[in-house]
Amino acid sequence: MAAMIGSTAPFDGQSQKWEEYCEVLHHFFRANGIDDAGRRKDILLSAVGSQTYSLMRNLVSPAKPGDKTFDELVKLLKDHFNPKPSEIVQRCKFNSRYRKQGETVMEFVAVLRKLAQDCNYGDKLSEMIRDRLVCGIVDDRIQRRLLSEPDLTFDKALKLAQAIETACKDVKDLQSPEFVPQYMRAPQAVHKVYSKQTPYTQQNQRKVLCCRILCRTEPRDPLDSPQEH
């Protein structure tokens, strides 16, 4: 018997979605050429873990999990772990999402794709994501450029938004101090330097000032005046 490629881990409902677990399981089946539905069911029941197996027993009681088909068991747990959300609520979340501060264009689009999963937009999905990208980008430069573009598709909007985002970042980097020549930088504030006066200097200044005042205000002694001949 050939060795199995990969492995199957127990399902952890706290950190994983049931759909994601099933996707990994299907890749395991494909990699190992497991097409038989009965064998797929047995692998699921033996790999899913004790807690999930007990849950399946409770959900199918009084029957046993082994009495159900693989597809029935997958749907059973899907309905339990991920009940269908309200389409109206999901669309409201999608249409009220704006790009957050520090969020890149690609990060914003990734969030929009995730929010749109349960909106049931069908063949209008790309168009709806395009509209939300333009309306929720929160950047006047990108928004004006996208709105001025005729026949704007989602792919074109994404490329333009990324190009403008990259260009703005490059300009900001080029304007950093390490790239700007010294003569083009803003002049620094010039601080006045005041000489510190010693007590001796201050005392002399006061004496000079007093002498000047006395010379101007005190009457001169007649004897000191020159006599007229």
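Where a number appears in this text, it was derived from the coordinates with a stated rule and is not lab data. Because the structure is predicted, anything quoted here is derived from the model rather than measured. With ideal geometry, Cβ positions are generated from the backbone for all residues, glycine too; neighbour counts draw on all protein chains shown.
At a glance:
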read-out	value
Eligible lysines near LYS41 by straight Cα distance, threshold 29 Å, same-chain separation 8 or greater	LYS17, LYS64, LYS68, LYS75, LYS78, LYS84
Non-local Lys pairs in the stretch 87-175, i.e. 8 or more apart or on different chains, that have alpha carbons under 18 Å apart	7
Zero-based 10 Å bins, Cα pair distances in the stretch 18-81, whole percents	21, 60, 19, 1
Cα-only Debye scattering, the stretch 87-175: base-10 log of I(q)/I(0) at q = 0.13, 0.14, 0.16, 0.22 Å⁻¹	-0.43, -0.49, -0.62, -1.08
Derived scalar couplings ³J(HN,Hα) [the stretch 45-61; Karplus, 6.51 cos²θ - 1.76 cosθ + 1.60; whole Hz; x for Gly, Pro]	5, 7, 9, 5, x, 5, 5, 5, 5, 5, 4, 4, 4, 5, 6, 9, 3
LYS64 paired with ASN32, simple spin-label distance in nm, labels 7 Å along Cα-to-beta-carbon	2.2
Relative frequency of Cα-Cα separations exceeding 18 Å in the stretch 22-146, percent	65
